[in-house]
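Asks: Before I ask anything, here is the structure I am working with.
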Protein chains: 2
Amino acid sequence: MSEEPAKTVYDELIASPRVLLGPGPSEANARVLKAMTTPMLGYLDAEFVQIMDDTVGLLRRVFGTENSLTLPVSGTGTAGMEAALTNVIEPGDSVVVGVKGYFGERIADIAARCGGVVTRVEAEWGTHIPAEKIAEAVTKVSTPKLVALVHGETSTGILQPLRDAVEIAHQNGALFLADCVTSLGGQPVEMDALGIDIAYSCTQKCLAGPPGLSPISFSERAVEVIRNRKTPIQSFYLDMTLLENYWHGEKRSYHHTVSMSLIYALREALRVVLEEGLDTRYERHEHNARALLAGAKAIGLQPAAEEGYRAPMLTTLRIPDGIDDTIIRQGLITDYGIEIGAGLGIFAGKAWRIGLMGESSNQRNVMLVLNALEKLLIASGHKVEQGTAVHAASQVY
Amino acid sequence: MSEEPAKTVYDELIASPRVLLGPGPSEANARVLKAMTTPMLGYLDAEFVQIMDDTVGLLRRVFGTENSLTLPVSGTGTAGMEAALTNVIEPGDSVVVGVKGYFGERIADIAARCGGVVTRVEAEWGTHIPAEKIAEAVTKVSTPKLVALVHGETSTGILQPLRDAVEIAHQNGALFLADCVTSLGGQPVEMDALGIDIAYSCTQKCLAGPPGLSPISFSERAVEVIRNRKTPIQSFYLDMTLLENYWHGEKRSYHHTVSMSLIYALREALRVVLEEGLDTRYERHEHNARALLAGAKAIGLQPAAEEGYRAPMLTTLRIPDGIDDTIIRQGLITDYGIEIGAGLGIFAGKAWRIGLMGESSNQRNVMLVLNALEKLLIASGHKVEQGTAVHAASQVY
C-alpha cells in the first residue's frame, strides 16, 4: 500500500462553471448546495427524524398525494424504478409496459429481471402511446398486475397523458405505475387525483437538487399488494416493508444509514419548489419551453416530439442534415460552457435534448443557448441570419 | 394540490452540533462538506469523468488493490453488500456466510434473496470465527461459490482476521468476500496482499465523508465469475457489467446519473485520508481506542468484544447491571451533545457501541465521552470516583 501523499497526485477539486441544459442534472439551487454543508446527525437522532418527516411531508405535496408510504429511496431515479418494480412484481406476474423511448425499455428490462411476464405497448420514438393501444394490450392479458408508463420520457421529450391509462389499469384490476423522473416538480403529477398507485422521481431535474435520491410513493392499494406477496422481495436494500419501518414506523427500526447530506438537500430543494408555488413553477417551465421552441424553429430546428405531447422541461430537436452533432455540442461546452444532451438510443446523433429544468428553466438560459446554437450552426454552414433565434424567442416573453 | 407557501410550515434547516461517536455517520471533515458546494457537472462532462477517475484511483489505494473493477456504488454500505452478492450469486449457488453479528445475518439474508443456498458458520456475538470452523464448513459444501465474512462487525465491535479464511476459500475453489463497511480507512484491508476477491465499504465511517456511496472492488477472478453467469443479474441498478461500462468503459455508456455531490465529497475525503497516510491513520484509530478502553475499564465498563479481536474504530461496552441504557444515552445527547450507539440485535439494551471513526477518532472525543459517561453513571448510582476514567485514559497518551 503506497504511503505517498495524495496531494502529489491529486489536486484540489475544481469544476468549471457550466450552464446545465441537458437531461439533468440541472443547476442546483445555491440554498440547496449550502444545506449540504450542514454537519451530520445520527440516523436515529430526534432532530434528524424530524428532518425526515419534514421531507416526506414536502414530498407528498409535490406528488399531490396523502399516501402514507412516501419517502426518498437512497439511490438515483433508476433505483426508484427498481424499487417500484421489485416490490410489486413476483415471478410470473403479468406486466404491461409502455415503451416509447429509452426509459420505457428500462422498465421492461427491470420488470423481466424481477420475473415479470412483460407485454410491451410500443409507440414510435417521439410520439405518445394512445389510450386505445394501452386498452387493447391490457385487456388481452388475462390478469395484469401492473401497467407502467413513463410520464416524461427523457429520451424523446414526450409527456405521456396518464388519466385514461390509469382508468384502463384499474378497470382490469391492475396497479398503475408512472415514471415521473423527468416530470416531478416541472409538471403536475397529482397522484391522488389521477389514481396513480406508484410514482417515483429523481432529485436532479425539476426539483433542482443534487442527484442521489429517488422520491417514491405507493398508494394503499399498492401497499396491500406488497403485503400480500407470496415470495420474498428480491432486494433487501429496496424492500419497502423494511424501509417503511425506518421512515414511518413508530419504532424507526434501523435499515441502512441514509445520506443526511442528500436529505438536507432534498428538504431545502422542496422548500424552494413550494415557496415558488407548484402552479407558478409549472407555468414557468411551459413558458420557457415555448420561447425555446419558437427560437429553435425560427432557425430551422424542428422538434423531434409530437405536437401536443411535448414535455416542457425537455425539448428534443432534430439535428439538421449536414450538421455534425459532436462539433456543435463540443462547441457549446468549449466556447460557451453550455451543456445540452446528446440523443439517447435510436436518437443518438439524430436529436439534441435541451433541458430547461428547475432552476435552469429561465429566460437567460433560453437566450444563451439559442444564441450559441445559432452561432455554431452558422459556423457549420447552416443558412440563417444571425439574431433570428433570439428575436423569435423574445416574442414569447 | 396545496399552493400554500412552504415557509409557513417548514422552517429553515437547522441541525444541532453533535459529537458523533456512534456506529456512523462519524463527523465529516469540513473540507468534505465544502466540496459538496461545488456546482453540478454533467454525468459525461470530461471534467466529471476525470473526477470519477481520480476517485477510483484514490479508492484503489485505500483498498490496497490494483483491481480494474473498483468504483463507488450509488447507494449506502448495504447497497454495496447487495451489489457484491447479487452480481456473483446465481440461484442454487452454495454460499458460506460467517455470522457473528447483525451484519453477517444481513449477508445471509441477502444471499438467500439472490437464490443462494446458504451455509452459516456461527460464532457467539462478541467473538470472532476461528479459521478451523470456517474450514470445516467450507469443506463440507461440495462446490462453494463464495465465502463471505464481515471484517469489522459493527454490531459487536469484532475485527475478524481474514488471511486464513481467504486461503480456505481459494483452496476450495470459492471466491472470498469481505464486508469492510466499518474497517476501510481505519484498519488495513489490503485486498491484493490477502487475495480478497470482493470488498465493499461505506463513506460515513472511517473515511469521514457523508453517507450515500459504497466503494466496492472486484478481483479479476470475481469479474470472470460474473462474466460467466448463466442467469441475468437480478438488479439492473447494481449490475456491475453495466456499471463497468460507465465507470471504466472507453465509451462511458450512460447507466444512471451518479451523485456528483457525493463523488466530490468522496474524492476529497480520500485525499484527506491519503494525506494523513494510511499507516498513521490506522495507528491513530488504535491509539484512541486503547485510551477509550483504558478509561472505560477504570470505571467498571467491560468490553463486549473478545480480547485480541477488537475493532479499534468501534468499542462495545457491556452496560452494567442496574444502569438504564436509555437514560444514559439520552443524557449524553441532551447534556453533552454526544451520540453513542445503542446495542443492535441481541446486544440491544445490553451493550453500548462507541465509535471512534475517521475525524471522530481523536483524544478530545475520548476525554469528552469518558467524562460525560462517568458523570451520568455516577448520577445513576454507579460507584466510582469522579475523574477516574479520564485519568486512566490520559495514561495512554
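The values are calculated or read from the model by the stated rules, or taken from the named source; none is laboratory data. Remember, predicted model here, so these are calculated numbers, not experimental data. Virtual Cβ from ideal backbone geometry, glycine too; neighbours counted across all protein chains shown.
Asks: All but one of (1) crowded, with 22+ Cβ neighbours inside 10 Å; (2) of a type in the set (Asp, Glu); (3) under 18 Å from A:Leu41 (Cα atoms) hold for B:Glu374, so report the exception by its number.
Replies: Status for B:Glu374: all satisfied but (3).
Yes or no, residue by residue, for (1) farther than 25 Å from A:Pro232 by Cβ; (2) of a type in the set (D, E, K, R); (3) within 14 Å of another protein chain (Cβ to nearest Cβ); (4) over 19 Å from the mean Cα position of the chain (by Cα):
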residue: B:Cys114; (1), (2), (3), (4): no, no, yes, yes
residue: B:Val118; (1), (2), (3), (4): no, no, yes, yes
residue: B:Ala123; (1), (2), (3), (4): yes, no, no, yes
residue: B:Ala135; (1), (2), (3), (4): yes, no, no, yes
residue: B:Ile158; (1), (2), (3), (4): yes, no, no, no
residue: B:Pro161; (1), (2), (3), (4): yes, no, no, no
residue: B:His170; (1), (2), (3), (4): yes, no, no, yes
residue: B:Leu177; (1), (2), (3), (4): no, no, no, no
residue: B:Ala193; (1), (2), (3), (4): yes, no, yes, yes
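Asks: Please determine whether any residue of segment A:160-167 is aliphatic (A, V, I, L, M), in a helix (DSSP H, G or I) and modelled with pLDDT of 95 or more.
Replies: Looking through segment A:160-167, at least one residue is aliphatic (A, V, I, L, M), in a helix (DSSP H, G or I) and modelled with pLDDT of 95 or more.
Asks: Continuing with this model, one more query. Go through the residues of segment A:138-145 one by one and say whether even a single one is more than 14 Å from chain B (Cβ to nearest Cβ) and free of Cβ contacts under 8 Å to residues at least 24 places away in the same chain.
Replies: Within segment A:138-145 (the criterion being more than 14 Å from chain B (Cβ to nearest Cβ) and free of Cβ contacts under 8 Å to residues at least 24 places away in the same chain), the answer is yes, since at least one residue qualifies.
Asks: Yes or no: A:Gly101 in contact with a Lys or Arg (Cβ under 6 Å, 6 or more places away or on another chain), closer than 25 Å to A:Ala348 by Cβ and at pLDDT 95 or above?
Replies: No.
Asks: Still on this structure, I have one more. Taking the condition over 23 Å from A:Leu238 (Cβ atoms) and surrounded by 24 or more Cβ atoms within 10 Å (Cβ to Cβ), does A:Gln187 pass? Outline the logic, then answer.
Replies: Details: over 23 Å from A:Leu238 (Cβ atoms): yes; surrounded by 24 or more Cβ atoms within 10 Å (Cβ to Cβ): no.
Spelling it out, it is not the case that A:Gln187 is over 23 Å from A:Leu238 (Cβ atoms) and surrounded by 24 or more Cβ atoms within 10 Å (Cβ to Cβ).
Asks: Which of the residues spanning segment A:17-44 are of a type in the set (S, T, N, Q) and modelled with pLDDT of 95 or more?
Replies: Result: A:Ser26, A:Thr37, A:Thr38.
Asks: Return the residues of segment B:217-242 that are touching a strand residue (DSSP E or B) at 6+ places or on another chain (Cβ under 8 Å) and within 13 Å of chain A (Cβ to nearest Cβ); say none if nothing qualifies.
Replies: The one that is touching a strand residue (DSSP E or B) at 6+ places or on another chain (Cβ under 8 Å) and within 13 Å of chain A (Cβ to nearest Cβ): B:Leu238.
Asks: Can you pull out the residues in segment B:247-277 that are touching a Pro at 6+ places or on another chain (Cβ under 8 Å) and over 21 Å from B:Phe218 (Cα atoms)? Talk me through it step by step, then tell me what you get.
Replies: Initial filter on segment B:247-277 (touching a Pro at 6+ places or on another chain (Cβ under 8 Å)): B:257-263, B:265-266, B:274-275, B:277.
Selection gives B:Thr257, B:Ser259, B:Met260, B:Ser261, B:Leu262, B:Ala265, B:Leu274, B:Glu275, B:Gly277.
Asks: Restricting the first residue to segment B:316-334 and requiring it to be modelled with pLDDT under 95, which pairs with a second residue that is of a type in the set (Asp, Glu) and surrounded by fewer than 16 Cβ atoms within 10 Å (Cβ to Cβ) meet a Cβ separation below 9 Å and a spacing of at least six or different chains?
Replies: Listed pairs, sorted by first residue: none to list.
Asks: Follow-up question, since we're still on this one. Which pairs have Cβ atoms under 8 Å, sit 6 or more apart or on different chains, and link a residue in segment A:260-273 that is facing chain B (nearest Cβ under 8 Å) and over 8 Å from A:Met36 (Cα atoms) to one that is part of a helix (DSSP H, G or I) and of a type in the set (Ser, Thr, Tyr)?
Replies: A:Arg267/A:Thr55; A:Leu270/A:Thr55
Asks: Can I ask one more? Filter segment B:22-33 down to the residues that are over 14 Å from the mean Cα position of the chain (by Cα) and either among the β-branched types (Val, Ile, Thr) or more than 7 Å from chain A (Cβ to nearest Cβ) (or both) and list them by number.
Replies: Answer for segment B:22-33, where residues must be over 14 Å from the mean Cα position of the chain (by Cα) and either among the β-branched types (Val, Ile, Thr) or more than 7 Å from chain A (Cβ to nearest Cβ) (or both): B:Asn29, B:Ala30, B:Arg31, B:Val32.
Asks: Here is a follow-up. Count, please, the residues in segment B:201-257 that happen to be over 21 Å from B:Gly24 (Cβ atoms) and not in a loop (DSSP other than H, G, I, E, B).
Replies: Going through segment B:201-257 one residue at a time, the tally reaches 17.
Asks: Evaluate the following for A:Thr55: is it touching a strand residue (DSSP E or B) at 6+ places or on another chain (Cβ under 8 Å), buried (at least 19 other Cβ atoms within 10 Å of the Cβ), in a helix (DSSP H, G or I) and more than 7 Å from every other protein chain (Cβ to nearest Cβ)?
Replies: Here the answer is yes, as A:Thr55 does meet what is asked.
Asks: Another question, if that's okay. What residue, among those in segment B:35-50 that are facing chain A (nearest Cβ under 7 Å) and not in a loop (DSSP other than H, G, I, E, B), is surrounded by the most Cβ atoms within 10 Å (Cβ to Cβ)?
Replies: Initially, segment B:35-50 is screened for residues facing chain A (nearest Cβ under 7 Å), giving B:35-42, B:45, B:47.
Subset that is not in a loop (DSSP other than H, G, I, E, B): B:35, B:47.
Details: B:Ala35: 27, B:Glu47: 14.
Top of the filtered list is B:Ala35.
Asks: Sort out which residues of segment A:71-94 are more than 9 Å from every other protein chain (Cβ to nearest Cβ), farther than 21 Å from A:Thr154 by Cβ and of a type in the set (Gly, Ala, Ser), and write them in order of number.
Replies: Matches in segment A:71-94: A:Gly92, A:Ser94.
Asks: If you scan segment B:274-286, which residues turn out to be facing another protein chain (nearest Cβ under 8 Å) and at negative phi?
Replies: The answer is B:Leu274, B:Glu275, B:Leu278, B:Asp279.
Asks: A further question follows. Would you tally the residues in segment A:132-147 being closer than 14 Å to A:Lys100 by Cα and surrounded by fewer than 16 Cβ atoms within 10 Å (Cβ to Cβ)?
Replies: Count: 1.
Asks: Let me ask another. Identify all residues within segment A:331-353 that are under 15 Å from B:Tyr43 (Cα atoms) and either buried (at least 16 other Cβ atoms within 10 Å of the Cβ) or of a type in the set (Val, Ile, Thr) (or both); write none if there are none.
Replies: A:Ile333, A:Ile338, A:Glu339, A:Ile340, A:Gly341, A:Ala342, A:Gly343, A:Leu344, A:Arg353
Asks: Right, another one. Which of the residues spanning segment B:312-346 are under 20 Å from the mean Cα position of the chain (by Cα) and assigned to a helix (DSSP H, G or I)?
Replies: Filtering segment B:312-346 down to residues under 20 Å from the mean Cα position of the chain (by Cα) leaves B:312-317, B:339-346.
Of everything in segment B:312-346, those that are under 20 Å from the mean Cα position of the chain (by Cα) and assigned to a helix (DSSP H, G or I) turn out to be B:Gly345, B:Ile346.
Asks: Tell me which of these B:His248 doesn't satisfy, since it passes every other one: (1) within 25 Å of B:Met40 (Cα to Cα); (2) away from chain A (no Cβ under 14 Å); (3) touching a His at 6+ places or on another chain (Cβ under 7 Å).
Replies: Result: B:His248 fails condition (3) only.
Asks: Taking segment B:192-237, which residues are surrounded by 24 or more Cβ atoms within 10 Å (Cβ to Cβ) and of a type in the set (Ser, Thr, Tyr)?
Replies: Residues satisfying the conditions are B:Tyr200, B:Ser201, B:Thr203, B:Ser214, B:Ser217, B:Ser235, B:Tyr237.
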